[in-house]
1. Tell me, what is a quarter of the convex hull surface for the C-alpha atoms of region 153-222, in nm² with one decimal?
2. What is the projected area of the convex hull of the Cα atoms of region 137-263, averaged over all directions, in nm²?
3. Quick one: which residues, 5 or more positions from I172 or on another chain, have an amide H under 5 Å from its amide H? H modelled 1.01 Å from N in the peptide plane, none for Pro or chain starts.
4. Quick one: what Rg and Dmax do you get for region 44-262 from the alpha carbons, in Å?
5. Taking only Cα atoms of region 42-136, what ratio of Rg to Rh do you get with Rh as the Kirkwood inverse-distance radius?
6. Could you tell me the convex hull volume per residue, in Å³, taken over the Cα atoms of region 198-263?
7. Roughly how many Å² is the accessible area per residue of region 44-262, as a whole number, for a 1.4 Å probe?
Amino acid sequence: MGSKKQNQRKSNTALVCSHQRSGGSQEARRPRAPARPGASMTSAVVEDEAQFYTKAEKYWKDVPPTVDGMLGGYGHISSIDINSSKKFLQRFLREGPNRTGTTCALDCGAGIGRITKRLLLPLFEMVDMVDVTEDFLTKAKTYLGEEGKRVRNYFCCGLQDFSPEPNSYDVIWIQWVIGHLTDEHLADFLRRCKLGLRPNGIVVIKDNMAQEGVIMDDVDSSVCRDLEVVRGIVRLAGLDLLAEERQENFPDEIYHVYSFALR
């Protein structure tokens, strides 16, 4: 999370989903510092879609499988991030007629399992992880420790090619990774996530937001969208916005980070 980065994606042409029981994953990317005003759609800044995915995949293969690596040198903000996410999520887990269940969660762009370990496993009976970087998922098996036995599946796959099993998840958590998807692939993925929800389930997006438009990051091959662009993609995917919240107490030099609860 160390400048305006997002989470990773897998290559559009070269990636084949490998649904496996262990292996690496690719986790929370970095918050980044604001850049120049951007375009209004990823199609205006992504010239070669296949290269967009391939370059990102290569970038993350060279990142060390550590919390600091996952957060781009901003490992010190991990606890602030997790504590805020827990408060945001727990409002939906409280008792009530529309309470979100706690049976199974899906961690998208899971990396070595920072969010799985500190947010999802303490709240859910089982967790599935999906990430495009196999080395990260391999590291997760030791990083998660004894509680890792409750991780049901490690899926090595890019989100543009991943389909959550229908009616399977109470919460699908997508953090610092949407910037590695084109607008079209993000909308399609969110539609598949909607089908993957159990009754009263929610999709949570937590990510960097640009001040205006869509900004390309050539270093890790990702984009950063502004709030209106993200909200528009959510609407296009047929999801309703239940809650929206800006992250507090992050360093001033990075992008603003927002959480969205969707259904």
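1. Quarter of the Cα hull surface area: 5.4 nm².
2. On the way: hull surface 35.9 nm².
Averaging across all directions leaves 9.0 nm² for the Cα convex hull.
3. L106, I202, V203, V204
4. Cα radius of gyration and Dmax of region 44-262 are 16.2, 48 Å respectively.
5. Details: Rg = 16.3 Å, Rh = 15.4 Å.
Taking Rg over the Kirkwood Rh, I get 1.06.
6. On the way: hull volume 7.2 nm³, N = 66.
In region 198-263, the Cα convex hull volume per residue is 110 Å³.
7. Working: 8840 Å² over 219 residues.
Per-residue accessible area for region 44-262 comes out at 40 Å².
The values are calculated or read from the model by the stated rules, or taken from the named source; none is laboratory data. Note that the coordinates shown come from a computational prediction; the quantities given were computed from them, not determined experimentally. Calculation scope for accessible area: heavy atoms of the full protein, side chains included, ligands and nucleic acids excluded. Shrake-Rupley method; radii C 1.70, N 1.55, O 1.52, S 1.80 Å.
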